[in-house]
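This report concerns only the one structure given below.
The values are calculated or read from the model by the stated rules, or taken from the named source; none is laboratory data. Just so it is clear, the model here is predicted, and its values are computed rather than measured. FYI the Cβ positions are ideal-geometry reconstructions off the backbone, even for glycines, and counts take in every protein chain you see. Accessible surface is based on the protein model in full, side chains and every heavy atom, while ligands, DNA and RNA are left aside. Shrake-Rupley method; radii C 1.70, N 1.55, O 1.52, S 1.80 Å.
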Amino acid sequence: MQIKDNLTSIHQQIQTACQKVGRPQSAVKLLAVSKTKPVEAIQEAIQAGQTAFGENYVQEGVEKIQYFADKHPELEWHFIGPLQSNKTRLVAEYFDWMQTMDRAKIADRLNEQRSHYKKPLNVLIQINISDESSKSGIQPAEMLALAKHIENLPHLRLRGLMAIPAPTDDIAEQEKALSAMQVLFEELKAACPDQQIDTLSMGMSDDMRTAIACGSTMVRIGTAIFGQRNYA
Ligand SMILES: *Cc1c(COP(=O)(O)O)cnc(C)c1O
């Protein structure tokens, strides 16, 4: 029951944030981040109507995808963790979306390894918007070159951008990073008119409202749905 109630509460928060800026609630999709959580928790979320899930660790994600493959073929699985080039095959084989694209080499491998019988793998370019040397993602100036590279790969489909801004409670700081992402998103759309660029993945628990005001189309929420993670 807890997970169902949490989802209801988050949908209400998304609705309120959308109303405030005159966007329809349907413009913002909720990605439930289920990393470290057992299949029972995911099952509870599915029963409450949730269909899109995000996983950070390849092996763990694949196990869950396999577990639900027959029972719930409607589910959509997003890889949202850092990806090493020796782990691309499983992402290409099992996931529907890859949100942390940050180099041509990874794009080439995923393109080669994606089964030709499957739909193309949906890809978001991850932007390092807060310019932290520790965080992954590319610099904004590198975005268009990588986008043009992905555009030529038949088994990948470029859908937009993703960012994990430096966490801060300062709304002005949040706005600075998130509105910079909005500008880049418009640039990407203009540069790739033949692509279906429709996804701006940004906004977590602490900056969800600001992200929605800045045009986010997908918020990624874990703890507020499933509770604290236990890494022990
Ligand atoms: C873990 C994670 C989230 C969700 O974080 P919570 O604090 O649990 O809501 C969102 N996006 C990414 C990329 C993550 O790794």
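Worth pointing out:
- In this structure, the residue pairs whose Cα-Cα separation is over 32 Å, taken from 4/105; 35/176; 20/64; 29/64; 29/119, are 4/105; 20/64.
- Taken per residue, the accessible surface of region 1-143 reaches 50 Å², heavy atoms only and a 1.4 Å probe.
- Largest accessible area first, the residues 94, 231 order themselves as 231, 94 under a 1.4 Å probe with ligands, DNA and RNA left out.
- Here, region 33-131 has an Rg and a Dmax of 13.6, 42 Å when only alpha carbons are counted.
- Estimated translational D of region 122-232 in µm²/s (Stokes, Kirkwood radius over Cα pairs; 25 °C; 0.890 mPa s): 167 µm²/s
- If R0 is 25 Å, the Cβ-Cβ spacing of residue 2 and residue 57 corresponds to a FRET efficiency of close to 0.55.
- For the chain, leaving out every one of the GluC sites (Glu not before Pro) that falls in a DSSP loop and has at most 14 other Cβ atoms within 10 Å, the longest unbroken run is 133-232.
- Note that region 113-157, at 10 °C in a medium of 1.306 mPa s, gets a Stokes-Einstein diffusion coefficient of 133 µm²/s from its Kirkwood radius over C-alpha pairs.
- Potential lengthening of the chain between residue 90 and residue 25 amounts to 20.1 nm, from the contour at 0.36 nm per residue minus the alpha-carbon distance.
- The fraction of Cα-Cα pairs per 5 angstrom bin, counted from 0 for the chain, comes to 1, 7, 15, 18, 20, 18, 13, 7, 1, 0 percent, rounded to whole percents.
- Estimated FRET transfer efficiency (residue 205, residue 131; beta-carbon r; R0 22 Å; 0.05): 0.45
- Sequence of 96, 206, 70 from largest to smallest accessible area, 1.4 Å probe: 70, 206, 96
- Spin-label model, residue 166 to residue 36: label points 7 Å out along the Cα-to-beta-carbon direction sit 2.4 nm apart.
- Residues residue 144 and residue 173, FRET efficiency given R0 of 30 Å [Cβ-Cβ distance, rounded to 0.05]: 0.70
- Across 16, 51, the residue with the most accessible area heads the list, and the full order at a 1.4 Å probe is 16, 51.
- Per-residue surface analysis assigns residue 89 an accessible area of about 130 Å², computed on protein heavy atoms at 1.4 Å probe radius.
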